[in-house]
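Single-structure report; data block below.
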Amino acid sequence: MTVPGNHFVPADATAAVDTAATDDTAATTDASVTYDTPGAHARPARPVTGPAASAEVIRPHAETAFADELAALAAEDDRPRPERWRLSPWAVATYLLGGVLPDGTVITPKYVGPRRVVEVAVTTLATDRALLLLGVPGTAKTWVSEHLAAAISGDSTLLVQGTAGTPEEAVRYGWDYARLLAHGPSRDALVPGPVMRAMAQGMTARVEELTRIPADVQDSLITVLSEKTLPIPELGEEVQAVRGFNLIATANDRDRGVNELSSALRRRFNTVVLPLPATHEDEVDIVVRRVDQIGRSLDLPAAPSGADEIRRVVTVFRELRDGVTADGRTRLKSPSGTLSTAEAISVVTGGLALAAHFGDGVLRAGDVAAGILGAVVRDPASDRTVWHEYLETVVRERDGWQDFYRACREVSA
């Protein structure tokens, strides 16, 4: 069976799903069959995950880790849903921003930031425009991308990871070379990439670090985003996107000049800039939440037990990042690194591990000092001077920070 306009029939038609069928529930939720994807064969269904299975995984996918919240939202969600979306745009935004449902279910915030940013991102995906999440490192671009895909499509794994070596095959499709050499180009030999699979299934694809991908490979997305079709010239056929398909890309502000997006490709995206946390309290809240989630999977002490040290880490990062102390009285030199929220989460997580395995389980200044030094001093020639001046002019004189000062001096010696 074929999707109208998709001049392509899967090799095993008995295992394919007619994505043009009126009952798109069967086309999106039946895990026992494969979709009408070029080159798709009857494959075992993706393993069903649950509490027992996810307990063994260090970092479950969003749709697994927050399956209960997604199910509760779906049960309460009576608003219009775009075709093949698991939730309405309102419910997707609620999933990301958090809230309390009428039945009392608490939806935990996945993103702490301006509500309008999330609303614009979700609305973009409900149109035919692709979404580009832009921001400095550590502003939760990948995190937001994953949760958007999980809430919309129930699957965040249709992912292309951008690197300097990402080939065009990763964005479009590849070949099973044993079959290709034996029988030449054929449906059996074609291996669909994540974007092609998302197009055929009406789902959300993700491209991480788009500006790290070589420019000629980036531009292979232009036809996909403008014409909603992916040509397969070797077979004289094409795959057309079915309703529900869209694409989320992330890009790093610091990568400007590496592989800039062409104007033709940039026009295909609606760009949403994810800002750094607006306030100290917002950033502390983000760090506590994420560290607590990570810590549970690693059997580390609860993050709130080190709340004072978390506030100190966030304070140090924000002051050095902004180039001024929190009270606005002292101008500071900023180091070469970004000192993002993600790096603060990493420093605190490492500190909790030290406290758990080599301390008394309580996060203290000595547990985070080495991590802060590693985050701040990226360029030994210049950053070490910046860090030393900050310790001596700010930290040393701050009331209640003497233990922190001594710990940082010890690791900086």
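The values are calculated or read from the model by the stated rules, or taken from the named source; none is laboratory data. Because the structure is a prediction, the values reported are computed rather than measured. All Cβ positions, even for glycine, are placed from backbone atoms using ideal geometry, and neighbour counts span all protein chains on display. Side chains are part of the model used for accessible areas, which takes the heavy atoms of the whole protein and leaves out ligands, DNA and RNA. Shrake-Rupley method; radii C 1.70, N 1.55, O 1.52, S 1.80 Å.
With the Cα gyration tensor of the range 271-413 giving a ≥ b ≥ c as the square roots of its eigenvalues, does the rule (a/c under 1.5 for rounded; else a/b larger than b/c for prolate; else oblate) give rounded, prolate or oblate?
Cα axes put the range 271-413 in the oblate bin.
Where in the range 331-413 are there GluC sites (Glu not before Pro) that are in a DSSP coil and have at most 15 other Cβ atoms within 10 angstrom of their Cβ?
Answer in residue order: Glu397.
Measure off, as a whole percent, the carbon and sulfur share of the 1.4 Å-probe accessible area of the range 184-301, all protein chains present.
47
Whenever you get a sec, line up Arg172, Arg329, Arg129 from highest to lowest accessible area (probe 1.4 Å, protein heavy atoms).
Output order, biggest surface exposure first: Arg329, Arg129, Arg172.
Step through the residues of the range 106-115 one at a time and calculate ³J(HN,Hα) from phi using the Karplus curve (6.51 cos²θ - 1.76 cosθ + 1.60, θ = phi - 60°), rounding each to whole Hz and writing x for Gly and Pro.
8, 9, 6, x, 9, 9, 10, x, x, 4
What lysines sit close enough to Lys110 to cross-link, taking a C-alpha to C-alpha distance under 21 Å and skipping anything fewer than 8 places away on the same chain?
Within the straight-line limit of under 21 Å, Lys110 reaches these lysines: Lys141.
Could you name the aspartates and glutamates in cross-link range of Lys228, using Cα to Cα under 17 Å and dropping any fewer than eight places away on the same chain?
Asp36, Glu83, Asp128, Asp219, Glu237, Glu238
Rounded, prolate or oblate, given the Cα gyration tensor of the range 355-409, with a/c below 1.5 counting as rounded?
oblate
Would you grab the residues whose amide H sits under 5 Å from the one on Thr330? Only those 5+ places off in sequence or on another chain, please, with H modelled 1.01 Å from N.
Here the answer is Thr325, since their amide H atoms fall under 5 Å of that of Thr330.
What does the C-alpha gyration tensor say about the overall shape of the range 305-363? Classify as rounded when a/c is under 1.5, otherwise prolate if a/b is larger than b/c, or oblate.
Since a/c reaches 1.5 and a/b is larger than b/c, the shape of the range 305-363 is classed as prolate.
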